[in-house]
Amino acid sequence: MQKDDWRDSDGENVFDMLVANGGPGFWVRRITWGGTLARIVRVGIFTNPPPYFGNPPVLMDVFDLDGGLREGLALLPVPGTYKTWRRIEAPLWAEQARLRPLDDPAIDIALAALDRRRGKEGGKAARADPPPEAARVLLLVPYARKDEAKGIGARWSPTDKSWWLPADESSALSKAQALGFLGV
């Protein structure tokens with residue numbers, strides 16, 4: 001492989017790379033970066049269809065080419081463009097490096113703080129006391145049909161980034177089923 005082959009585009013944005021990889025943990029380089037690369041450690045919840053998936057935030061750990069951590073839990077800018085990012089093979093030093101575990105609680109904390117800064121929390125749904133997770137039924141509601149979901153009493157969870165109904169509201173659940181919002 002030649003030194004600059006990594007710059008060739010395969011037409012994937014970071015979200016497409018995430019889907020192809022089956023989740024975080026893959027490596028990227030930005031064609032405008034000098035001597036750095038990054039490991040994707042978390043992506044927010046997809047709320048819309050491809051190719052941008054609602055443009056959720058993407059967190060990464062940035063390293064220099066020799067394996068030194070430059071910045072942890074950094075926000076990856078403009079993940080939806082395939083013109084900027086390239087998926088690369090893990091660097092040779094990665095096997096011996098102490099990489100952040102993908103289930104590190106600090107990742108969730110950083111993502112929640114980022115959502116707060118971006119205004120993703122707040123509003124009526126965040127102020128109301130939601131029922132416990134076991135008492136919720138999550139819905140599959142496309143953004144274009146959110147008003148229909150509201151009409152049957154569905155509520156938006158900024159934490160889960162999804163619509164839900166209380167499990168004990170059988171009438172609303174029947175309506176959700178008829179509208180195709182319940183995943184079978």
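Residue 159 meets each of the listed conditions (1) outside any helix (DSSP H, G or I); (2) more than 26 Å from residue 59 (Cβ to Cβ); (3) at pLDDT below 80 apart from (2).
Only residues that are open to solvent by 80 Å² or more (accessible area, probe 1.4 Å), without any contact (Cβ under 8 Å) to a residue 40 or more places away in the chain and in contact with a Leu (Cβ under 8 Å, 6 or more places away or on another chain) were counted in the range 136-184, giving 1.
When restricted to residues that are basic (Lys, Arg) and farther than 24 Å from residue 11 by Cα, the range 66-93 contains 1.
The values are calculated or read from the model by the stated rules, or taken from the named source; none is laboratory data. Since the structure is predicted, the reported quantities are computational estimates derived from the model, not experimental observations. Note that we place each Cβ from the backbone using ideal geometry, even for glycine, and neighbour counts take in every protein chain shown. Calculation scope for accessible area: heavy atoms of the full protein, side chains included, ligands and nucleic acids excluded. Shrake-Rupley method; radii C 1.70, N 1.55, O 1.52, S 1.80 Å.
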